[in-house]
Amino acid sequence: MKELIKIARPLHWTKNFALFAALLFSGNLFSQLHVITVIWAFISFCLISSSIYIFNDIRDINEDKVHPLKRKRPLAAGTLSVTAATIEMFTLASLSIFIALLLNQLFFIAVVTYLILQISYSLFLKNIPTIDIIIIATGFIIRVYSGAFVIDAHLSVWFLLCVISVALFLASGKRRAELNIIEHTSGVTRKSLSKYERELLNSYVTMFGNSAWLSWALFTFFESPEAPLPVWLFLAEISRTTTISKLLMITIPVVIFTIMRYQSLIFEGKSEAPETLLLKDKPLVISVLFWVGLIVWILYFAGRSLPTI
């Protein structure tokens, strides 16, 4: 049982919290019906993503055996049989699709699209440089949109730009960190890595890191809620300098720090698994939680929550 849980990689489920983005920004965070719906969508994505992880492990057993980290996985280490892993894979995928069918037709299409895309990635797309980064980023985008589909929330183009930028930043950072691991292996464990230059990935990380915080800044400027509470009106009366009409812009410094922190971890070679950093790196964890706290305070308590995003 321990190995069956381990091969499902529950730590990687942190990536699926992206489904809650639309819930948060659409003003439905305290709507019990919407929250329950998104939780079920989250469960569905956790199940389908775990089934894909198992599929990857079954297919890449030999490659994983020479990887310094992946060789500890159940199949590569020989602590779990391929038969048991196969049964678990089909069971999790079936449960995920069943839940998706019950929730929403568009959400079902998103889950199936994600499944097909990830299988294609595992079979051949992961070996094509640049395309592999785009596919990884697309997975994050599908998660965000799936959370919107399931509660019928609107996503603004500015928010979409933020999602795309952050997704590409995380994906390119993952590849950049993997280059450091190659130095400790007997060979390249991913074909596409042999076609990447370190300087090229450095430029990708820098470019998408910049676009991530800039797109967030644009989102906060164009999509900030009004500030009608007495305290904000009082500040506006004191001086034009203290007038606050774009409350979400308060979060920009936090976003910049978070990106800078993650980028430093990338160049230290610690970002091959972004989901683990969100649980282990204290400065990163604190900055993300602080950012979420600010968003909740601004949208739900400090001003009027946005009707749409």
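The values are calculated or read from the model by the stated rules, or taken from the named source; none is laboratory data. These numbers come from a predicted model, not from an experiment. Because the Cβ atoms are built from the backbone with ideal geometry, glycine has one as well, and the counts that use them run over all protein chains shown.
Ala148 - would you say it is under 29 Å from Leu218 (Cβ atoms), assigned to a helix (DSSP H, G or I) and in contact with a Leu (Cβ under 6 Å, 6 or more places away or on another chain)? Steps first, please.
Numbers: under 29 Å from Leu218 (Cβ atoms): yes; assigned to a helix (DSSP H, G or I): yes; in contact with a Leu (Cβ under 6 Å, 6 or more places away or on another chain): yes.
Answer is yes for this residue.
Looking only at the range 92-101, filter to residues that are touching a residue at least 12 places away in the same chain (Cβ under 8 Å) and surrounded by fewer than 19 Cβ atoms within 10 Å (Cβ to Cβ); which one of those is nearest to the chain's Cα centre (by Cα)? Explain how you work it out, then say what you get.
Within the range 92-101, the first condition is being touching a residue at least 12 places away in the same chain (Cβ under 8 Å), and the residues that meet it are 92-93, 95-97, 99-100.
Retained after the next criterion (residues that are surrounded by fewer than 19 Cβ atoms within 10 Å (Cβ to Cβ)): 95, 97.
Working: Leu95: 22, Ile97: 21 Å.
Only one residue tops the list, namely Ile97.
Which number in (1) in contact with an Asp or Glu (Cβ under 6 Å, 6 or more places away or on another chain); (2) among the polar types (S, T, N, Q); (3) assigned to a loop (DSSP other than H, G, I, E, B) marks the one condition that Thr14 misses?
(3)
Of the residues Val82, Val66, Val38, only one is touching a Gly at 6+ places or on another chain (Cβ under 9 Å), modelled with pLDDT of 85 or more and among the β-branched types (Val, Ile, Thr); which?
Val38 is the lone residue from the list that is touching a Gly at 6+ places or on another chain (Cβ under 9 Å), modelled with pLDDT of 85 or more and among the β-branched types (Val, Ile, Thr).
Does Phe169 satisfy the condition of being in contact with a helix residue (DSSP H, G or I) (Cβ under 8 Å, 6 or more places away or on another chain), at pLDDT 90 or above and not assigned by TED's automatic domain parsing to the domain that holds Ala22? Reasoning before the result, please.
Working: in contact with a helix residue (DSSP H, G or I) (Cβ under 8 Å, 6 or more places away or on another chain): yes; at pLDDT 90 or above: yes; not assigned by TED's automatic domain parsing to the domain that holds Ala22: yes.
Spelling it out, Phe169 is indeed in contact with a helix residue (DSSP H, G or I) (Cβ under 8 Å, 6 or more places away or on another chain), at pLDDT 90 or above and not assigned by TED's automatic domain parsing to the domain that holds Ala22.
Residue check, Gly27 against (1) in contact (Cβ under 8 Å) with a residue 24 or more places away in the chain; (2) touching a helix residue (DSSP H, G or I) at 6+ places or on another chain (Cβ under 6 Å), all met but one. Which one?
Of the numbered conditions (1) in contact (Cβ under 8 Å) with a residue 24 or more places away in the chain; (2) touching a helix residue (DSSP H, G or I) at 6+ places or on another chain (Cβ under 6 Å), the odd one out for Gly27 is (2).
How many residues are closer than 30 Å to Thr86 by Cβ and of a type in the set (Ser, Thr, Tyr) if we restrict to the range 5-33? I'd like the intermediate steps shown before the answer.
Of all residues in the range 5-33, those closer than 30 Å to Thr86 by Cβ come to 5-19.
With of a type in the set (Ser, Thr, Tyr) added as a condition, the list becomes 14.
Summing the residues that are closer than 30 Å to Thr86 by Cβ and of a type in the set (Ser, Thr, Tyr) in the range 5-33 gives 1.
Let's see how each residue does on (1) at pLDDT below 85; (2) crowded, with 17+ Cβ neighbours inside 10 Å:
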site	(1), (2)
Trp232	yes, yes
Thr243	yes, no
Thr258	no, yes
Gln263	no, yes
Ile266	yes, yes
Leu277	yes, yes
Ser287	no, yes
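Residue under question is Ile142, and the condition is that it be buried (at least 17 other Cβ atoms within 10 Å of the Cβ) and either assigned by TED's automatic domain parsing to the domain that holds Phe267 or at pLDDT below 85 (or both); does it hold?
Details: buried (at least 17 other Cβ atoms within 10 Å of the Cβ): yes; either assigned by TED's automatic domain parsing to the domain that holds Phe267 or at pLDDT below 85 (or both): no.
For Ile142, the condition - buried (at least 17 other Cβ atoms within 10 Å of the Cβ) and either assigned by TED's automatic domain parsing to the domain that holds Phe267 or at pLDDT below 85 (or both) - is not met.
Say we look at the range 132-167 and pick out the residues that are more than 17 Å from Phe17 (Cβ to Cβ) and in contact (Cβ under 8 Å) with a residue 60 or more places away in the chain; which of these is nearest to the chain's Cα centre (by Cα)?
Ile133
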